[in-house]
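> Let me give you the structure first, and then I'll get to my questions.
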Amino acid sequence: MWSINMPKTHIRTRRTHPLNALRAFEAAARLGRVSAAADELGVTHGAVSRQVRQLEEYLDIELFEGPRRRPVVTSAGTRLGDRLTPLFQRLDDTVIEVADQRHGPLDVACYSTFAVRWLIPRLHRFQKSNLNIDVRLSTSEDRIATGRGRHDILIFALDPKSDPEEGDIGLFEEVLGPVLSPKLVPTRRKTTLAAVADWTLLETRTRRNAWSIWAKAQSRTRPERPTRSAEFDHYSFAIEAASSGLGVCVVPLHLVADDVRSGRLAAPLGFAASGYRYIMRTRSPKSDKAERFITWIKAEILACQTDWHAAPTSPTRTDRLPNAPAG
């Protein structure tokens, strides 16, 4: 009878760690708030809290400390979070890289008002020629601000003091201007900068500096800020308020170009460059479906250039208009 002596091998058994609890804690530690982590993960506030408590029991250490309503990450929690973040990022990138590159969902993160007033009204044209790609939009403010989370494409405005990263795709330069209902615009005399002071300024919580940016662009005469004002949570609300005759809103042209062209809104004082640039950032490597979306959105913006260039510019700054999308 034959016998074969096989060399002994020692296989290290991996421990099964609580992956969901680790992911919940990483998001909470990175974003600084349990509610923000819940939004990113698509679960409830209570679910994230329970996962964090389970992880603390599993590790037998405290990961958060301080008041229940405003907990802060402990030093041990900071060390753990700093190590988990790149690990989960690599995991997400790996899954996306080996997934089907031509089919399935395409996750796009962008501002809510950009999605509602510009992207969604045009998205049917992309879907018509790409029936096998399901575009999923995310408008989480924390995800856009940090650039983290699960998304294939991130569309955001880069402030004048920041530089784009390698691989970023320039879309257009933002221009701002005051818009209001046509019924508030004088019909027998030209609207002047001084007239703005008599209107109610409609501001947004997410862009409180819009008035100061536009006013600073008026190089000859700095208009006075209106004494009356009202604040809204989002640009969409402020724009609707302006079209209803409640006041004037300083808004990016790309959000209201269709309304100005149709006569729903008036822009008697024109638009001026804000210094912000709209950028598209993608995961690396780019998937085929991401490449197709990039090609489509650049073509859509190029088609909009005619309307944007036809819009009135600021009487004192007529030389600064949006650029065509960069490659």
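The values are calculated or read from the model by the stated rules, or taken from the named source; none is laboratory data. Here the structure is a predicted model, which means the values were calculated and not measured. Methodologically, a virtual Cβ is constructed for each residue, glycine included, from the backbone with ideal geometry; neighbour enumeration extends over all protein chains shown.
> Can you say whether residue 214 is assigned to a helix (DSSP H, G or I), over 17 Å from the mean Cα position of the chain (by Cα), under 17 Å from residue 170 (Cα atoms) and not charged (D, E, K, R), as far as the supplied structure shows?
Numbers: assigned to a helix (DSSP H, G or I): yes; over 17 Å from the mean Cα position of the chain (by Cα): yes; under 17 Å from residue 170 (Cα atoms): no; not charged (D, E, K, R): yes.
When the stated conditions are applied, residue 214 does not pass them.
> Anything in region 76-94 that is of a type outside the set (S, T, N, Q), more than 26 Å from the chain's Cα centre (by Cα) and under 16 Å from residue 37 (Cβ atoms)? List them, or say none.
77, 80
> In addition: I'd like to check something: does region 278-290 contain any residue that is among the aromatic types (Phe, Trp, Tyr), buried (at least 17 other Cβ atoms within 10 Å of the Cβ) and at pLDDT 95 or above?
Step one: of region 278-290, the residues among the aromatic types (Phe, Trp, Tyr) are 278.
Among the residues that remain, those that are also buried (at least 17 other Cβ atoms within 10 Å of the Cβ) are: 278.
Going one step further and asking which of them are at pLDDT 95 or above, we end up with 278.
Yes, the conditions are met somewhere in region 278-290.
> Report those strands (runs of 3 or more DSSP E) wholly inside region 224-303 carrying at least 2 residues which are within 22 Å of residue 160 (Cβ to Cβ) and under 18 Å from the mean Cα position of the chain (by Cα).
Fully inside region 224-303 and qualifying: 249-252, 272-282.
> Restricting the search to region 131-164, which residues are in a loop (DSSP other than H, G, I, E, B) and either closer than 23 Å to residue 257 by Cα or at pLDDT 90 or above (or both)?
Just the residues of region 131-164 that are in a loop (DSSP other than H, G, I, E, B), to begin with: 131-132, 139-140, 147-152, 159-164.
Result: 139, 159, 160, 161, 162, 163, 164.
> Tell me, yes or no, whether region 232-247 has at least one residue that is surrounded by fewer than 16 Cβ atoms within 10 Å (Cβ to Cβ) and over 23 Å from residue 185 (Cβ atoms).
Taking region 232-247 and keeping what is surrounded by fewer than 16 Cβ atoms within 10 Å (Cβ to Cβ), we get 233, 240, 244-245.
Remaining after also requiring over 23 Å from residue 185 (Cβ atoms): 233.
Looking through region 232-247, at least one residue is surrounded by fewer than 16 Cβ atoms within 10 Å (Cβ to Cβ) and over 23 Å from residue 185 (Cβ atoms).
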